[in-house]
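These notes are about the structure you will find just below.
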Amino acid sequence: MRHILSAAAAAAFALAIASPAAAIINAPVPTNAYVNFGGLDWAWASPCDASGPNSCGAIDLSYQGTLGWRVAVAADFASGMDYTKFIFAGANVPAGGTEAGTGATFFGGNSADAACASAWFSAYTHCDYGDGAGGSVWNKPDNGSQGDCCHETWVVRDALAVGVPEPQSWTLLIAGFGLVGAAMRRRKTVAA
């Protein structure tokens with residue numbers, strides 16, 4: 001009986017090691033998991049290089065790329081983007097904690113709420129706070145060790161604009177309400 005239990009425990013352990021860390025979330029990144037800065041939306045996408053021979057796990061843009069997300073390039077960092085911009089009240093990862101729905105967290109600790117979107121871009125659910133604070137970010141111009149393993153990857157997209165209806169839309173909307181109101185009024189008088 002002991003041998004059967006030992007064999008079952010060993011099999012369960014082997015399966016756990018072979019299993020992927022987490023499935024990538026194929027849904028839009030929630031607004032509390034990214035920031036807007038310098039005319040771009042920025043997401044902390046992975047604790048690994050975006051690609052390359054030394055990457056610990058490339059990011060997956062197969063879904064998020066359809067929503068405009070792309071790997072940040074050197075020119076994107078000209079706005080002065082740094083890790084402090086990911087810290088804001090109400091961000092998806094609570095201070096020193098883990099996001100309930102995704103397991104998103106910061107290795108190295110975050111003393112305030114901070115945005116980590118790795119679960120939407122990679123098999124990882126964490127961001128490395130110390131790497132971001134130290135400037136170890138893929139394609140960041142002042143990153144002196146570009147190409148070595150394990151830089152953070154940040155992604156960007158053009159900032160989403162909140163749509164304001166055009167004047168023609170308002171005209172059509174008001175005319176539509178007027179026609180519905182006239183039809184309802186006419187229906188009442190016929191029934192009476």
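A few points about this structure:
- Each residue in MET81, MET184 was given a count of other beta-carbon atoms within 10 angstrom of its own, and listing them fewest first yields MET184, MET81.
- Descending by average beta-carbon neighbour count within 10 Å, the peptides 115-125, 100-110 line up as 115-125, 100-110, the highest first.
- Proxy reagent accessibility, fewest Cβ within 10 Å first, across VAL73, VAL137: VAL73, VAL137
- Counting only DSSP beta bridges whose two residues both lie in segment 23-158, roughly 80 percent are antiparallel.
Every number in this text was worked out from the coordinates using simple rules, so none of it is lab data. Every value quoted in this text rests on a predicted model; they were computed, and no experiment measured them. Please note: Cβ atoms are built from the backbone with ideal geometry, for glycine as well, and neighbour counts cover all protein chains shown.
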